[in-house]
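The values are calculated or read from the model by the stated rules, or taken from the named source; none is laboratory data. None of the values given here were measured: they were computed from a predicted structure. Quick reminder, even Gly has a Cβ in these numbers, built from the backbone with ideal geometry, and neighbours come from all protein chains shown.
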């Protein structure tokens, strides 16, 4: 059974807000996407209002979360 995008985002909400591809960044900073594999997570730096990209071919299942990394 495949989880819907909302089910996946709900799973991560207690860790803080999660963002999907196409959502606008609420603030400037570094965001991280855990791929759910043994691979290293993907990090992007976005300015406020920029859209979140798709990561690693995950499509709608991409979820981003904010970090306190100032890289």
Mind counting the residues in the stretch 20-57 that are closer than 18 Å to residue 4 by Cβ, in contact with a strand residue (DSSP E or B) (Cβ under 8 Å, 6 or more places away or on another chain) and at pLDDT below 90? 1
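Residue by residue, here is whether (1) loosely packed, with under 10 Cβ neighbours inside 10 Å; (2) in contact with a helix residue (DSSP H, G or I) (Cβ under 9 Å, 6 or more places away or on another chain); (3) in contact (Cβ under 8 Å) with a residue 12 or more places away in the chain holds:
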| site | (1), (2), (3) |
| --- | --- |
| 8 | no, yes, yes |
| 18 | no, yes, yes |
| 23 | no, no, yes |
| 26 | no, no, yes |
| 31 | no, no, yes |
| 37 | yes, no, no |
| 42 | no, no, yes |
| 56 | no, no, yes |
